[in-house]
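Visitor: Have a look at the structure that comes next, please.
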Amino acid sequence: GLNSPFSNMLKPALARGELRAIGATTLDEYRKNIEKDAALERRFQPIYIGEPSVEDTIAILRGLKERYEVHHGVRIKDSAIIAAARLSHRYISERFLPDKAIDLIDEAASGLRMEMDSCPTEIDEVERRITQLQIEKEALKKEKDTESQARRAELERELANLREKSDQLKLHWNDEKAIIQEIREAKEKIEQARIESEKAEREGRLEIAAKLRYGTLIELEKSLKEENERLALLQKNQKMLKEEIDEEDIAEVVSKWTGIPTSRLI
């Protein structure tokens, strides 16, 4: 701030050209801490950067998409990216683009990840039904009449069917989870290989860069494609896990933040 020890140390170094500085601040902070100190203000050239447009924000989000997919282990549909930019611009006035749109994507992806790690509704319903029937069966244990014994036998048959159904659902769920985890790991490896390739290229290690780009990356992308095909085949008849966020997921987060019903946002 004005006449602070730090600014007094900074000004001579800036004046002599010993220090080059680039800073980022808000207009209010600039007026409060820089503009009032004429000697300090002379050493800086203000560059005003406006809030990006919705279209620019969409481009920024597309660039960040893969990083968030890897981090959360979910897929992000392009419709979710467009919805995040448009809905945040229209309904969230107290914050700025692209941050508010990025936060929408982040929260929707985080929420979906938690859902994926939770027991699916289909399994939960079957397990609750099993518990109900077991309680009824225990209640009939001391009854000796014919009707109660017939009901107990009926409950045994129903419980056996439900347990078999539960086992099948759990098997399918675990298979889906395993493939989705394989997809996540493949994406992590692809991102790491790209980072290493770019680093090798910058450092002039062109042979390593070429090996990564035209060997390792191609193999990893082939593996990712195969895992996606496996998941599509498994989910063709029954899909227990939703692994991608869409515009509805974004609208749900906006609704939670603003109180506006989801039906009015889509």
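The values are calculated or read from the model by the stated rules, or taken from the named source; none is laboratory data. Computed from a predicted model, the values in this text were never measured in an experiment. Cβ: placed from backbone, ideal geometry, glycine included. Neighbour counts: every protein chain shown.
Visitor: Which of the residues belonging to segment 48-58 are among the β-branched types (Val, Ile, Thr), surrounded by 14 or more Cβ atoms within 10 Å (Cβ to Cβ) and farther than 24 Å from Glu188 by Cα? Can you show your working first?
Guide: Just the residues of segment 48-58 that are among the β-branched types (Val, Ile, Thr), to begin with: 49, 54, 57-58.
Okay, now just the ones that are also surrounded by 14 or more Cβ atoms within 10 Å (Cβ to Cβ), so 54, 57-58.
Correct list: Val54, Thr57.
Visitor: Looking at (1) of a type outside the set (S, T, N, Q); (2) in a helix (DSSP H, G or I); (3) touching a residue at least 60 places away in the same chain (Cβ under 8 Å), which is the one condition that is false for Lys211?
Guide: (3)
Visitor: Suppose the filter is more than 28 Å from Ile195 (Cβ to Cβ) and assigned by TED's automatic domain parsing to the domain that holds Arg184; does Glu127 pass it? Step through it out loud before you land on a result.
Guide: Values: more than 28 Å from Ile195 (Cβ to Cβ): yes; assigned by TED's automatic domain parsing to the domain that holds Arg184: yes.
Spelling it out, Glu127 is indeed more than 28 Å from Ile195 (Cβ to Cβ) and assigned by TED's automatic domain parsing to the domain that holds Arg184.
Visitor: Any residue at all in segment 232-249 that is in a helix (DSSP H, G or I), under 30 Å from Ser88 (Cβ atoms) and aliphatic (A, V, I, L, M)? Working first, answer last.
Guide: Start the filter on segment 232-249 by keeping residues that are in a helix (DSSP H, G or I), which leaves 232-234, 247-249.
The next check asks that each one be under 30 Å from Ser88 (Cβ atoms); those that pass are 247-249.
Pick out the ones that are also aliphatic (A, V, I, L, M) and you get none.
Checked segment 232-249: no residue is in a helix (DSSP H, G or I), under 30 Å from Ser88 (Cβ atoms) and aliphatic (A, V, I, L, M).
Visitor: Checking Asp56 against (1) in contact (Cβ under 8 Å) with a residue 12 or more places away in the chain; (2) among the acidic types (Asp, Glu); (3) not in a helix (DSSP H, G or I), which single condition isn't satisfied?
Guide: Failing condition for Asp56: (3).
Visitor: Could you please let me know if Ala210 is among the small types (Gly, Ala, Ser), at pLDDT 95 or above and in contact with a Lys or Arg (Cβ under 9 Å, 6 or more places away or on another chain)?
Guide: Values: among the small types (Gly, Ala, Ser): yes; at pLDDT 95 or above: yes; in contact with a Lys or Arg (Cβ under 9 Å, 6 or more places away or on another chain): no.
Criteria not met by Ala210.
Visitor: While we're on this one: Could you list, in sequence order, all residues of segment 240-266 that are touching a residue at least 40 places away in the same chain (Cβ under 8 Å) and charged (D, E, K, R)?
Guide: Lys242, Glu243, Glu244, Asp246, Glu247, Asp249, Glu252
Visitor: A follow-up question, please. Right, Ser255: within 24 Å of the chain's Cα centre (by Cα), among the hydroxyl-bearing types (Ser, Thr, Tyr), at pLDDT 95 or above and assigned by TED's automatic domain parsing to the domain that holds Leu171 or not?
Guide: Working: within 24 Å of the chain's Cα centre (by Cα): yes; among the hydroxyl-bearing types (Ser, Thr, Tyr): yes; at pLDDT 95 or above: yes; assigned by TED's automatic domain parsing to the domain that holds Leu171: no.
Here the answer is no, as Ser255 does not meet what is asked.
Visitor: Hey, can you tell me all the residues within segment 153-203 that are among the polar types (S, T, N, Q) and within 18 Å of Ser118 (Cα to Cα)?
Guide: The initial filter retains those residues of segment 153-203 that are among the polar types (S, T, N, Q), namely 161, 166, 168, 174, 181, 192, 197.
Ser166, Gln168, Asn174, Gln181, listed by residue number.
Visitor: Let me ask something else about it. If you check Lys256 against the conditions, is it closer than 24 Å to Lys65 by Cα, surrounded by fewer than 15 Cβ atoms within 10 Å (Cβ to Cβ) and in contact with a helix residue (DSSP H, G or I) (Cβ under 9 Å, 6 or more places away or on another chain)?
Guide: yes
Visitor: OK, next. Do you know which residues across segment 161-174 are among the charged types (D, E, K, R) and loosely packed, with under 15 Cβ neighbours inside 10 Å? Break it down into steps so the answer makes sense when it comes.
Guide: Kept after step one, since they are among the charged types (D, E, K, R), are these residues of segment 161-174: 163-165, 167, 170.
Arg163, Glu164, Asp167 - these are the residues of segment 161-174 that are among the charged types (D, E, K, R) and loosely packed, with under 15 Cβ neighbours inside 10 Å.
Visitor: Got at least one residue in segment 73-84 being of a type outside the set (A, V, I, L, M, F, W, C) and in contact with a Ser or Thr (Cβ under 7 Å, 6 or more places away or on another chain)? Walk me through it before giving the result.
Guide: From segment 73-84, those of a type outside the set (A, V, I, L, M, F, W, C) are 73, 75, 77-79; that's our starting set.
Checking which are in contact with a Ser or Thr (Cβ under 7 Å, 6 or more places away or on another chain) leaves us with none.
Within segment 73-84, not a single residue is of a type outside the set (A, V, I, L, M, F, W, C) and in contact with a Ser or Thr (Cβ under 7 Å, 6 or more places away or on another chain).
Visitor: Filter segment 59-69 down to the residues that are surrounded by 14 or more Cβ atoms within 10 Å (Cβ to Cβ) and in contact (Cβ under 8 Å) with a residue 60 or more places away in the chain, then identify the one that is nearest to Glu243 (Cα to Cα).
Guide: Once the filter is applied, the top-ranked residue is Glu69.
Visitor: With Arg128, Arg151, Arg184 as the choices, which residue is in contact with a helix residue (DSSP H, G or I) (Cβ under 9 Å, 6 or more places away or on another chain), free of Cβ contacts under 8 Å to residues at least 60 places away in the same chain and either basic (Lys, Arg) or exposed (fewer than 13 other Cβ atoms within 10 Å of the Cβ) (or both)?
Guide: Values: Arg128 fails: in contact with a helix residue (DSSP H, G or I) (Cβ under 9 Å, 6 or more places away or on another chain); Arg184 fails: free of Cβ contacts under 8 Å to residues at least 60 places away in the same chain.
After ruling out the rest, the residue left standing is Arg151.
Visitor: Right, next: Quick one: in segment 21-43, of everything that is outside any helix (DSSP H, G or I) and within 39 Å of the chain's Cα centre (by Cα), which residue is surrounded by the fewest Cβ atoms within 10 Å (Cβ to Cβ)?
Guide: Filtering segment 21-43 for residues outside any helix (DSSP H, G or I) gives 21-26, 36-37, 42-43.
Now drop any that are not within 39 Å of the chain's Cα centre (by Cα), which leaves 21-26.
Working: Ala21: 9, Ile22: 6, Gly23: 9, Ala24: 8, Thr25: 12, Thr26: 8.
Across segment 21-43, the extreme among qualifying residues is Ile22.
Visitor: Going through Glu158, Glu143 one at a time, which residue ends up being farther than 27 Å from Glu252 by Cα and surrounded by fewer than 13 Cβ atoms within 10 Å (Cβ to Cβ)?
Guide: Working: Glu158 fails: surrounded by fewer than 13 Cβ atoms within 10 Å (Cβ to Cβ).
Exactly one residue qualifies, and that residue is Glu143.
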